[in-house]
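The values are calculated or read from the model by the stated rules, or taken from the named source; none is laboratory data. Everything numeric here is computed off the predicted structure, so don't read it as measured data. We place every Cβ from the backbone using ideal geometry, glycine too, and count neighbours over all the protein chains shown.
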Amino acid sequence: MKTEQATVLLIYTGGTIGMKRNPLTGALESVNFDSLLTYLPELKQFDINIDTCAFNPPVDSSNMTPGLWARIASIIEERYDSYDGFVILHGTDTMSYTASALSFMLGNLSKPVILTGSQLPVGQLRTDGKENLITAIEIAATRRPDGRAMAPEVCVYFNNSLYRGNRTTKRSADQFTAFESFNYPPLAEAGIDIHYHPERILSCDPSRPLRVRYRFDANVIVMSLFPGYSETIARQLFAIPGLKAIVMRTFGSGNAPQNDWLLQSLRQAADRGIVIVNISQCVNGSVEMNRYDPGLSLLRAGVISGRDSTVESAVTKLMLLLGEHNDPDAVRQLMNRSLCGEVTIEP
Ligand code: ASP
């Protein structure tokens, strides 16, 4: 039986993969997409139909914004029916934020959206960019025997591992193992073959139409506690006009100093409708606020558990939920649910 050739849309947003060293300044600068493609003759060898589309000019991912997330999502939305999968070339610096944001934006997703990039530009001899890109395209095109996509999720593919995007964190500024998913195992590993773990991959219903959410509210801060945190600074943070949510990075399994002023300020902020989410400073493991007294006090002060989610996922999920809901209780309820595999919730 002849199967139809798979089609993949490659979206180039920027990042090291498409950079070249400026001989005058020594700094890496973005090149345009056509120059990038000259370094990738391998793309013509694929038995996959690859179309391309590029940000012009390309962006260093430290300049990513919700507006640019919306641009990526609208490209996917407009061309959703024409492709089996999508690969997004993206800088590594904020790739986990974009992957998390897209996972919440692309409701009812039933096709792969794979983000990848590299630590070395694709024009350099030892580049990791070629392998990352070539395997990401292959994954985006892979279907199961029943014709459905093998990995119908927003994923990050990097250095032989396919991860759920909203579980990833950039862990290294200079190694090829730039990403890690500390609280969820890889969805696939690439060696001689690509070995998928279907039981770890989200199931989807292709009969439901893609529903893209575009509204963000960025009135969110990340507050990272440390011994000796200043009361004056904390009180000023809680009083920021327009503040709607705080991702509070706590110790261990979700503990914070049991200072009266801190607990009172948190209670008052929560009563004013500010959503406060407890995320541990440990990259592995989960917040369990009833394990120790200091955690329990936070629970009583109206703080909600972020469980084992990453900061990237908690921030983007809050931005999206606050964009969609005016009611802080609705946001709190949805923060307590797994929308697309971003947190582990025991039944
Ligand atoms: N600054 C670059 C970026 O995130 C780093 C990279 O791509 O690795 O766009």
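Per the listing LEU109, LEU120, LEU125, the residue uniquely assigned to a loop (DSSP other than H, G, I, E, B), away from the ligand (no atom under 16 Å from the Cβ) and farther than 25 Å from LEU318 by Cα is LEU125. Can you tell me which residues in region 76-96 are hydrophobic (A, V, I, L, M, F, W, C) and either within 18 Å of ARG215 (Cβ to Cβ) or modelled with pLDDT under 95 (or both)? Once the filter is applied, which keeps residues that are hydrophobic (A, V, I, L, M, F, W, C) and either within 18 Å of ARG215 (Cβ to Cβ) or modelled with pLDDT under 95 (or both), region 76-96 yields only ILE76.
Among the numbered conditions (1) at pLDDT 95 or above; (2) of a type outside the set (D, E, K, R); (3) surrounded by fewer than 20 Cβ atoms within 10 Å (Cβ to Cβ), the only one that THR38 does not meet is (1). The strands (runs of 3 or more DSSP E) found entirely in region 1-89 include none that carry 1 or more residues being hydroxyl-bearing (Ser, Thr, Tyr), out of contact with any strand residue (DSSP E or B) (no Cβ under 6 Å at 6 or more places or on another chain) and without any contact (Cβ under 8 Å) to a residue 24 or more places away in the chain. For ASN290, the conditions (1) in contact with a Phe, Trp or Tyr (Cβ under 9 Å, 6 or more places away or on another chain); (2) of a type in the set (S, T, N, Q); (3) assigned to a loop (DSSP other than H, G, I, E, B) all hold with the exception of (1). Show the residue pairs meeting these rules: Cβ distance below 6 Å; 6+ apart or different chains; first residue within region 103-131 and more than 20 Å from GLN175 (Cα to Cα); second residue within 11 Å of the ligand (Cβ to nearest atom) and of a type outside the set (Val, Ile, Thr). That search, which allows pairs on different chains as well, returns nothing. Can you confirm whether SER30 is at pLDDT below 95, within 15 Å of the ligand (Cβ to nearest atom), over 26 Å from PRO152 (Cβ atoms) and not hydrophobic (A, V, I, L, M, F, W, C)? Criteria met by SER30.
Looking at SER61, SER103 in this structure, which one is polar (S, T, N, Q) and within 11 Å of the ligand (Cβ to nearest atom)? Walk me through how you get there before you give the answer.
Values: SER103 fails: within 11 Å of the ligand (Cβ to nearest atom).
Of the residues listed, the single one that is polar (S, T, N, Q) and within 11 Å of the ligand (Cβ to nearest atom) is SER61.
Looking at the structure I just gave you, is SER313 under 11 Å from the mean Cα position of the chain (by Cα) and either more than 20 Å from ALA256 (Cα to Cα) or outside any loop (DSSP other than H, G, I, E, B) (or both)? Against the criterion (under 11 Å from the mean Cα position of the chain (by Cα) and either more than 20 Å from ALA256 (Cα to Cα) or outside any loop (DSSP other than H, G, I, E, B) (or both)), SER313 qualifies. Looking across region 1-56, the residues that are more than 24 Å from PHE176 (Cα to Cα) and in contact with a Ser or Thr (Cβ under 6 Å, 6 or more places away or on another chain) come down to ASN49, PHE55.
Within region 65-99, being more than 15 Å from the ligand (Cβ to nearest atom) and within 25 Å of ALA218 (Cα to Cα) holds for PRO66, GLY67, ALA70, ARG71, ALA73, SER74, ILE75, ILE76, GLU77.
Every listed requirement among (1) touching an Asp or Glu at 6+ places or on another chain (Cβ under 8 Å); (2) away from the ligand (no atom under 16 Å from the Cβ) is met by LEU37 save one, (1). Has region 240-254 got at least one residue that is exposed (fewer than 15 other Cβ atoms within 10 Å of the Cβ) and either outside any loop (DSSP other than H, G, I, E, B) or among the basic types (Lys, Arg) (or both)? No, every residue in region 240-254 fails to be exposed (fewer than 15 other Cβ atoms within 10 Å of the Cβ) and either outside any loop (DSSP other than H, G, I, E, B) or among the basic types (Lys, Arg) (or both). If you go through region 300-334 and keep only what is within 15 Å of SER280 (Cβ to Cβ) and among the small types (Gly, Ala, Ser), you end up with SER305, GLY306, SER309, SER313, ALA314. Among the residues of region 277-307, just one is surrounded by fewer than 22 Cβ atoms within 10 Å (Cβ to Cβ), within 21 Å of ILE240 (Cα to Cα) and not small (Gly, Ala, Ser), namely ILE304.
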